[in-house]
Structure formats: structure tokens, C-alpha cells
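Before any comments, here is the structure.
The values are calculated or read from the model by the stated rules, or taken from the named source; none is laboratory data. The shown structure was predicted, so the numbers you read here are calculated from the model rather than taken from an experiment. Note that we place each Cβ from the backbone using ideal geometry, even for glycine, and neighbour counts take in every protein chain shown. These accessible areas exclude ligands, DNA and RNA; they are computed on the full protein's heavy atoms, side chains included. Shrake-Rupley method; radii C 1.70, N 1.55, O 1.52, S 1.80 Å.
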Amino acid sequence: MFDDVTPRLGLPYVVAAQAQKHIPINESLARLDGLVQLAVESRAVTAQPTSPIAGAVWILPAGATGAAWTGQAAGTLMRFEAGAWQALVPAEGVLAWVKDENQMLAFDGATWTPLSATFRSLTAAASPGLANTRLEILEQEVTVSGASTATSIAIPNRAIVLAVSTRTTAAITGAASYNCGVSGDASKFGGSLGVAKNSSNIGVVGPTAYYADTPVLLTAVGGNFVAGKVRVAIHLLRFDAPAAVA
């Protein structure tokens, strides 16, 4: 028993004894033209274009304006053809090339994310017995407060850390600077780091093994944290034991 449309792309089915069969067929072709090998003009344009070319598609940002764009959810695809706009709701896993950014995005069911940002674990070497060596990134945006703030992500047990990088995503107040490290070595990955928005640091260290789950610690220098946010990324190597045998 079929529904009226396909479950993933929403393509209209032609039903038994369908009159004017060309209507659902043409609608399906239009949706395929918009969704297959998807390339969008931008995801940053908020004002509905006045003279779009046929077949052009945009990813709507929050607060989009215009007769057809107002009220549409952020992340919706808006396709133009034959003088009219068609709203397309992307399915999880849809990929889109963004022309004005020259990068590929992936839709995770809620937001569009650069595809490169989804590659957080990569097998660098694999053995026949699955004793793999993996490169991995753990990332979190931390709201800082008080004398110090620990990440809820942790350097994993039996992992080797190569670097911890940071970027201040909202200006830090209350402290003159901050250190990035771990308990017992507060500045291991960087000391006296900047508190202004977009201050960054790449704390490269010699390969260091950890034998317990260890949070990264951000410690205020010259006062206590009052407000601010820091994005923390842990760059590491992880190792898999050979696969179990029967």
C-alpha cells in the first residue's frame, strides 16, 4: 500500500486511474532536479532574490524575508522555477555544494554542517585482525565560569594526545587571560591565552599517553571567569585491540 508521496524525497506517486498524470510526474521531476546533485547559491542570503535564475536553490538562514521565504523554517531549501518558489524539506544525510563558500555541507536532520566537520574519526591504518589505529577529534564549546572550568568531553583512557586547540567564541570577561591544560598541569596546552573573541591557540605537544579519562581544564589568570565561551578540540590517536575470536 503506497502513500501519496515517496518516504524520503517526497516525490508524488501516480495513482491508479490518475487524471492529468503529467502533474505529479512533473512535480517529481522538479523535486529531483532540486535535490539530486544538489548545488545551492548560498546559505547566508536572508532577503528573497528578486530575479533568480530557473532552477536556483538557496538554504534558508534564520529570519529569511520575502513573500515566499518568510515563515519558512531555517535550513529549508527554496527552489525557483517558472516564476514560483518551491520549499523542499531536506532529509537527513542530504549533501549540498554551496557555491559562495566552495564547500560541501551535510544535513544532519536539524542543521547544515560542513562535511569536513563530520570526519571526526578516521582509520589511519587497519590490520586484518581489526587492530586499527584511528585519528580522532573530540570537540566542545565550553561556557567558562569561576576559577576554572573543565570540559565534559575527556581525553580517553589509553589514547595519545597530539594537540589541544582552542578558540574563544564569545569574549571572556573577569580574567586577564587563561590557561589550557589538565589537572596538575594547568598550562600543558597553552598559557596566558587571549580572552578576546576569536583568539585561538594550537597547543601542540609531544605525543602523550593517558591512562584514565581526563577532561581538559581551562583556568582563569588574573581573576575569575565571569562570562565567555571557548571551543576546545582534542586531537588524538586511538587504538583498537584485535577483534574477538569465536
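Under 12 Å of direct C-alpha separation, and excluding same-chain neighbours fewer than eight residues apart, LYS229 reaches these aspartates and glutamates: GLU141. Summing Lys and Arg as +1 and Asp and Glu as -1 over all other residues whose Cβ lies under 14 Å from the Cβ of PRO61 gives a net charge of -2. Between the entries (i) 21.8; (ii) 18.5; (iii) 21.4, the label attached to Kirkwood radius over Cα pairs in Å calculated for this structure is (i). The residues of the chain have, on average, 55 Å² of accessible surface per residue, using a 1.4 Å probe with all protein chains present.
For the chain, the longest principal axis of the alpha carbon atoms and the long axis of helix 22-35 meet at an angle near 20°.
For VAL161, the shell of other residues with beta-carbons less than 13 Å away shows a net charge of 0, using +1 for Lys and Arg and -1 for Asp and Glu.
GNM on the chain, alpha-carbon springs under 10 angstrom: the most fluctuating residue among ALA82, ALA39, ALA171 is ALA82. With a cut-off of 8 Å between alpha carbons and a minimum separation of six or more residues, what is the relative contact order of the chain in percent? Here the relative contact order equals 17 percent. Its relative contact order, with pairs defined as Cα atoms under 8 Å and 6+ residues apart, puts the stretch 72-191 at 10 percent. Count Lys and Arg as plus one, Asp and Glu as minus one, and take only other residues whose Cβ is under 15 Å from that of PRO207; the net charge is then +3. Let me know the whole percent of all Cα-Cα pairs from the stretch 113-246 that are separated by more than 17 Å. Distances greater than 17 Å cover 59 percent of the Cα pairs.
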